[in-house]
1. Name the single residue, out of those in the stretch 200-209 being more than 22 Å from Gly43 (Cβ to Cβ) and assigned to a loop (DSSP other than H, G, I, E, B), that is least open to solvent (accessible area, probe 1.4 Å).
2. Restricting attention to the stretch 51-74, which residues are open to solvent by less than 40 Å² (accessible area, probe 1.4 Å) and in contact (Cβ under 8 Å) with a residue 24 or more places away in the chain?
3. What is the residue count in the stretch 84-102 for residues that are farther than 23 Å from Gly20 by Cβ and either in contact (Cβ under 8 Å) with a residue 40 or more places away in the chain or surrounded by 15 or more Cβ atoms within 10 Å (Cβ to Cβ) (or both)?
4. Is there any pair linking a residue in the stretch 22-50 that is modelled with pLDDT under 95 and open to solvent by less than 10 Å² (accessible area, probe 1.4 Å) to one that is not in a helix (DSSP H, G or I) and not aliphatic (A, V, I, L, M), with Cβ under 8 Å and at least six apart or on different chains, and which?
5. Anything in the stretch 157-177 that is over 14 Å from Lys230 (Cβ atoms), hydroxyl-bearing (Ser, Thr, Tyr) and without any contact (Cβ under 8 Å) to a residue 60 or more places away in the chain? List them, or say none.
6. Being over 26 Å from Thr190 (Cβ atoms), buried (at least 18 other Cβ atoms within 10 Å of the Cβ) and out of contact with any helix residue (DSSP H, G or I) (no Cβ under 6 Å at 6 or more places or on another chain) is true for just one of Glu80, Glu128, Glu105. Which residue is that?
7. On the given criteria, is Arg191 at pLDDT below 95, buried (at least 19 other Cβ atoms within 10 Å of the Cβ) and farther than 21 Å from Lys230 by Cβ?
8. With Ala163, Ala193, Ala198, Ala189 as the choices, which residue is closer than 29 Å to Pro129 by Cα and aliphatic (A, V, I, L, M)?
Amino acid sequence: MSIDLTDRIALVTGASRGIGYFTALELAKAGAHVVACARTVGGLEELDDAIKAVGGSATLVPFDLADMAAIDKLGGSIFERWGKLDILVANAGVLGTISPIGHVEAKVFEKVMTINVTATWRLIRSVEPLLMKSDAGRAVILSSSAAHKCKPFWGPYSASKAAVEALARTWAGETQRTALRITSVDPGATRTAMRAQAVPGEDPTTVQHPSDVAKAILPLVAPGYTETGKLFDMRQGRLLDYRLPE
């Protein structure tokens, strides 16, 4: 079943490559105008060309998510131009280093928390009023199985993704009586630059392409989607409920 996002405004972070790039492209194919954010101007321009090639449209916003003032300004700019936001895909993130917790440099830990957690909260704060102005606001927050597995040597990344899921769940609880629907997504092993950094010896052709994840995200931001506060597990291809430790 095709999803029609005509006249809807979608914001995607980390849109210059990987899951963000292909999600932005899928949203544009479905008719949404994409506000594409990333640090890499060249990657955003390539995305813009790809979106135009499928008859879509985009607004490119090159900036670093570590710039909190820029995140605040982004919300204001979207309001001034469109007066609302229909879709948020908070995709951007960094891995940090794979090492024992005690060996992680302070600047590395702080960067992971700044980009993965603080910037996500700041983004939520900036655009929530805009999503509330939509008749069917939808937010997807990219997570990871690392949030639950907490494997040795993955401390900063695991902690950051656990925090991001906590933010998403809390936000969903606060907004459950509104039209806003919020979903966390665990994409699983995906052919991205981050995956190559984390597992350098892996054959990239043995894991899924980011376009597969993008196609799975699309139904989660459709106007007809009704669930909120759940986790979509790409490996299982279904929504999961959260529960307390046993």
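The values are calculated or read from the model by the stated rules, or taken from the named source; none is laboratory data. This is a predicted model, so every value here is computed, not measured. With ideal geometry, Cβ positions are generated from the backbone for all residues, glycine too; neighbour counts draw on all protein chains shown. The protein model used for the area step is the full one, side chains on, heavy atoms only, and it has no ligands, DNA or RNA in it. Shrake-Rupley method; radii C 1.70, N 1.55, O 1.52, S 1.80 Å.
1. Only one residue tops the list, namely Glu202.
2. Scanning the stretch 51-74 gives Ile51, Gly56, Ala58, Thr59, Val61, Phe63, Leu65, Met68, Ile71, Leu74.
3. Residues that pass the stated criteria total 3.
4. That search, which allows pairs on different chains as well, returns nothing.
5. Correct list: Ser158 only.
6. Glu128
7. It is true that Arg191 is at pLDDT below 95, buried (at least 19 other Cβ atoms within 10 Å of the Cβ) and farther than 21 Å from Lys230 by Cβ.
8. The conditions single out Ala163.
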